[in-house]
Amino acid sequence: MQNLLFGLLTGAILAVATSGFALIRNTERFLHIAHGQFMALGALIALSLTQLVGPLIAFPAAVLVTAGLGVLCGKVFFDPIKHQGANVMLFTSVGLAFLVYAAMTAIFGTQIKTFPVELGTARKFGPIAVAPGELILLLVAAIIAIGLWILLAKTAVGRSIRAVSSNRELAQIRGVQINRISSVVWALSSGLAAIAGIMLGILGSVSTEAGWTYILLVLAAAVLGGVSNILGVVAAAMLLGLVMDLSALVVDTAFRPVIAFVLLIGVLLVRPQGIFSFQARKEAIA
């Protein structure tokens with residue numbers, strides 16, 4: 001049963017990261033491969049700041065810095081080439097991923113690092129031992145998912161984001177400030193990546209290589225949930241985390257990513273639009 005808790009924690013990290021990835025995909029219309037590098041970057045910035053000012057200040061500061069860098073990258077690297085289409089933006093994102101990776105390697109080195117943060121003494125709840133820090137991480141992921149839903153469904157900014165996601169040209173005609181919404185999305189996406197990276201670092205370790213590993217899982221979760229549905233992406237990420245860690249009961253943990261992609265391929269064969277996507281229903285209605 002302990003693997004169930006590990007699966008929930010893995011799913012929570014994936015859910016936070018994939019939510020940010022899906023925001024970029026839906027509004028900017030391309031697969032942001034560098035998103036994984038922003039996870040690693042946020043975690044490494046948080047770790048460096050923690051050694052100076054402590055985690056209570058370092059973690060929010062790292063999220064804000066990473067969000068700001070995301071907005072800057074959006075303005076510098078992607079806004080000038082939007083008119084050239086999704087493929088050009090995709091390859092630009094791949095290039096940005098290597099650029100961020102090189103910068104992190106030069107600044108932070110390649111060593112595996114651990115956060116000086118204690119999760120607390122685990123307490124037994126039936127067959128499961130849970131540390132207070134693990135419960136806090138699960139709570140953070142839940143608050144983020146609920147907060148993101150409220151933002152998108154109940155606020156003017158959220159409605160503008162959904163309008164741009166649905167039809168950028170029509171949204172612009174209706175008076176939506178496209179550039180402002182683009183900056184908001186880049187900030188949200190990069191900030192969520194940083195939070196996911198920090199969660200990953202608190203639970204285990206972080207290095208400059210983490211971005212390459214996690215972007216593959218983020219892509220799998222996004223496709224599995226149907227990238228156009230944020231809540232579906234969150235549910236798919238949780239499901240993927242559970243499947244990967246529960247699979248450790250029967251196969252070696254080294255095969256966790258393989259299990260994830262076997263599940264993904266199986267779903268794509270049966271339901272190509274994703275488990276939780278409503279795209280097929282929309283097309284049927286149209």
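The values are calculated or read from the model by the stated rules, or taken from the named source; none is laboratory data. Computed from a predicted structure; not experimentally measured. Don't worry about glycine lacking a Cβ; one is built from the backbone with ideal geometry, like all the others, and counts go over all protein chains shown. Just the protein is used for accessible areas: all its heavy atoms, side chains included, with ligands, DNA and RNA removed. Shrake-Rupley method; radii C 1.70, N 1.55, O 1.52, S 1.80 Å.
Structure summary
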{"quantity": "Value of relative contact order over the range 119-183, rounded to a whole percent, pairs C-alpha under 8 Å and six or more apart", "calculated": "16 percent"}
{"quantity": "Translational D in µm²/s for the range 75-199 (Stokes-Einstein at 37 °C, 0.692 mPa s, Kirkwood Rh from C-alpha pairs)", "calculated": "181 µm²/s"}
{"quantity": "Kirkwood hydrodynamic radius over Cα pairs of the range 199-256, then Stokes diffusion coefficient at 4 °C and 1.567 mPa s, in µm²/s", "calculated": "104 µm²/s"}
{"quantity": "Simple label model, 7 Å out from Cα along Cβ direction - Trp212 to Asn87, nm", "calculated": "2.6 nm"}
{"quantity": "Nitroxide proxy distance, nm - points 7 Å out along Cα→Cβ at Ala131 and Leu72", "calculated": "3.3 nm"}
{"quantity": "Fully extended contour minus Cα-Cα distance, from Thr114 to Asp252, at 0.36 nm per residue", "calculated": "47.3 nm"}
{"quantity": "³J(HN,Hα) computed for each position of the range 30-35 - Karplus, 6.51 cos²θ - 1.76 cosθ + 1.60, integer Hz, glycine/proline x", "calculated": "8, 8, 8, 5, 6, 4"}
{"quantity": "Kirkwood Rh in Å, taken over all unlike Cα pairs in the range 1-82", "calculated": "14.3 Å"}
{"quantity": "Principal axis dimensions, the chain - Cα atoms, whole angstrom, descending", "calculated": "56, 45, 33"}
{"quantity": "Phe77, Phe30, ranked by accessible area, largest first (probe 1.4 Å)", "calculated": "Phe77, Phe30"}
{"quantity": "Nearest-0.05 FRET efficiency for Ser205 and Lys124, computed from C-beta distance (R0 30 Å)", "calculated": "0.70"}
{"quantity": "Segments 39-50, 9-20, 98-109, 236-247 sorted - mean Cβ within 10 Å per residue, highest first", "calculated": "9-20, 39-50, 236-247, 98-109"}
{"quantity": "The range 205-258 - percent of accessible surface contributed by carbon and sulfur, probe 1.4 Å", "calculated": "73 percent"}
{"quantity": "D (Stokes-Einstein, µm²/s), Kirkwood Cα radius, the range 1-160, 1.567 mPa s at 4 °C", "calculated": "73 µm²/s"}
{"quantity": "Gaussian network model of the chain, springs between alpha carbon atoms under 10 Å - residue of Leu135, Leu31, Leu56 with greatest fluctuation", "calculated": "Leu56"}
{"quantity": "Phi-based couplings in Hz for the range 140-153 (Karplus 6.51, -1.76, 1.60; Gly and Pro marked x)", "calculated": "4, 4, 5, 4, 5, 4, 5, x, 5, 4, 4, 4, 6, 9"}
{"quantity": "Mean Cβ neighbour count within 10 Å, used as a protection proxy, ranking 261-270, 190-199 highest first", "calculated": "190-199, 261-270"}
{"quantity": "Surface accessible to a 1.4 Å probe, per residue, for the residues of the chain, Å²", "calculated": "48 Å²"}
{"quantity": "Relative contact order (%) - criterion: Cα under 8 Å, at least six apart; region: the chain", "calculated": "37 percent"}
{"quantity": "Rough spin-label spacing in nm, given labels placed 7 Å along Cα→Cβ, for Asp79 and Ile107", "calculated": "2.1 nm"}
{"quantity": "Where the Cα pairs of the range 105-173 fall when distances are cut into 10 Å bins, in %", "calculated": "16, 22, 20, 24, 15, 3"}
{"quantity": "Using alpha carbons only: equivalent-ellipsoid semi-axes of the range 144-286, gyration tensor based, whole Å", "calculated": "31, 21, 12"}
